[in-house]
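Here is the structure we will look at, set down as structure tokens.
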Amino acid sequence: MTQPNQNPDMNELIAQAAQMQADLQKAQEEILATNVEGTAGNGLVTVTMTGGAELVDLNIDKSVVDPEDVDGLQDLIIGAFKDAHEKAGQLAQDKIGPLSQGMNGGAGMDGLMGGMQ
């Protein structure tokens, strides 16, 4: 006597994989289309980048442009960039993290985003 096939239907698995791939692609497109803003010095320096970490804008308040303190300005720019980059990583985690659960044995964002965060 043969046992009934208890494996999921292959067509169902293929459909689920296709849906997951479509959801992942949509999330990635949303990430790239979203801008995040990072600030430093209480808003004296602002960096705007895409969710994919592409720099799209940099604003520097004139009050921090001091030829005698270039190091301070550089620190503010770096701080604003880091803040924006962290927000881009969090955006990616928020959009793709739920989709990655169960994939790659629960590898999560590290496997999908290549350590972008």
- Reach of Lys87 by Cα under 21 Å, taken over lysines that are not fewer than 8 positions away in the same chain: Lys26, Lys95
- Item | Stretchable slack from Ala15 to Asp94, in nm (0.36 nm times residue separation minus alpha-carbon distance) | 26.0 nm
- Query: What does the charge add up to near Phe81, with Lys and Arg as +1, Asp and Glu as -1, over the other residues with Cβ less than 14 Å from its Cβ?
  - Reply: -4
- Message: Spelling out what I want: for every residue of the range 11-18, take phi, set θ = phi - 60°, compute 6.51 cos²θ - 1.76 cosθ + 1.60 (Karplus), and round to whole Hz; glycine and proline get x.
- Response: 5, 5, 4, 5, 5, 5, 5, 5
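Only the coordinates and a few stated rules stand behind these numbers; no lab work does. Values in this document were obtained by computation on a predicted structure and should not be read as measured data. In this analysis, Cβ positions are derived from the backbone assuming ideal geometry, glycine residues included, and neighbour counts consider all displayed protein chains.
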